[in-house]
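Encoded as structure tokens, the structure appears first; notes follow it.
The values are calculated or read from the model by the stated rules, or taken from the named source; none is laboratory data. Note that this is a predicted model, so its numbers are computed, not measured. For neighbour counting, all protein chains shown are included, and Cβ atoms are generated from backbone atoms with ideal geometry for every residue, glycine included.
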Amino acid sequence: MTKAGRPRAGRSRRSSSAARAHAKPLKQKGLSRSSGSSKRAVELVDPLVQAQLKLYEEAVLLLHQQKYQKAKQELEKVVTGPSKEFADRAQMHLRVVEQRMSRIAEHNPRTPEDHYQQGVTMMNLGRWDEAREHLLRARKLSPKADFIYYAMAALDCLTGEADAAMSNLKTAIELRPENRYHARNDEDFAFLQEDPRFTELLYPERDGSAG
């Protein structure tokens, strides 16, 4: 009976030793996580890091909206920021943006929808001339498509052509009145914000109340 009891005692001691051996790395790992969290918290108090974070979030949103050219510009700014964590994240997203930009299919569009999609893609890449070419072809094939005029108005704003933008936006609204409400919150029309014609077109009820 005595001999049978010894091995059990030995196993118990070995188990205790093993448990203590495993406990030490876990404790150290926990301390590492704690110090890392503290460091990140200190970083986030820095106004420069906060600005870097804001840029990063805006860039990711632009990426999801497939506005690759704008996203690329924002991410490049984030990479030069003070926080290495956000810079590394931005670098990763930057590679994704560059890959997607390089994969834009140069197919041969045929339908108005094909030309429209290609035009919007070129707009998002900042390739204005190609965007206009596709949108003009789309308009020629489908002269009553409100979304084509709306896209052309946005492109006119991006290229600084106020008169053309107003004309195309007015047509888009005439073809589909709901476009008036979309344009009110569309950042692509920021160029027209100070133009009284833009206000009159988007907020006709103000003129009515004034009269």
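For the stretch 154-170, the set of residues classified as assigned to a helix (DSSP H, G or I) and in contact (Cβ under 8 Å) with a residue 24 or more places away in the chain consists of ALA154, LEU155, CYS157, LEU158, ALA162, ALA165, MET166, LEU169, LYS170, listed by residue number.
Within the stretch 182-205, residues that are among the β-branched types (Val, Ile, Thr) sit with their Cβ atoms under 9 Å from residues that are surrounded by 12 or more Cβ atoms within 10 Å (Cβ to Cβ) and at pLDDT 90 or above, at 6+ positions apart or across chains, in these pairs: THR199/LEU192. Within the stretch 111-137, residues that are in contact (Cβ under 8 Å) with a residue 24 or more places away in the chain and not assigned by TED's automatic domain parsing to the domain that holds GLU98 sit with their Cβ atoms under 6 Å from residues that are basic (Lys, Arg) and not in a helix (DSSP H, G or I), at 6+ positions apart or across chains, in these pairs: ASN124/LYS67. When the stretch 129-145 is limited to residues that are crowded, with 17+ Cβ neighbours inside 10 Å and either touching a Leu at 6+ places or on another chain (Cβ under 8 Å) or not aliphatic (A, V, I, L, M) (or both), the one that is farthest from PRO109 (Cα to Cα) turns out to be ALA145.
Within the stretch 56-78, the residues that satisfy the criterion of being modelled with pLDDT of 90 or more and crowded, with 18+ Cβ neighbours inside 10 Å are TYR56, ALA59, GLU74, LEU75, VAL78. Which of the residues spanning the stretch 171-199 are of a type in the set (D, E, K, R), part of a helix (DSSP H, G or I) and touching a helix residue (DSSP H, G or I) at 6+ places or on another chain (Cβ under 6 Å)? The answer is ARG180, ARG184, ASP188, ARG197. Would the stretch 129-143 turn up any residue that is among the basic types (Lys, Arg), assigned to a loop (DSSP other than H, G, I, E, B) and more than 29 Å from VAL97 (Cβ to Cβ)? Looking through the stretch 129-143, none of the residues is among the basic types (Lys, Arg), assigned to a loop (DSSP other than H, G, I, E, B) and more than 29 Å from VAL97 (Cβ to Cβ). Checked against the criterion of being surrounded by 13 or more Cβ atoms within 10 Å (Cβ to Cβ) and not in a helix (DSSP H, G or I), the stretch 91-99 has no qualifying residue. Considering the stretch 42-55, the residues that are of a type outside the set (A, V, I, L, M, F, W, C) and either within 18 Å of ARG95 (Cα to Cα) or assigned to a helix (DSSP H, G or I) (or both) include one that is modelled with the lowest pLDDT, namely GLU43.
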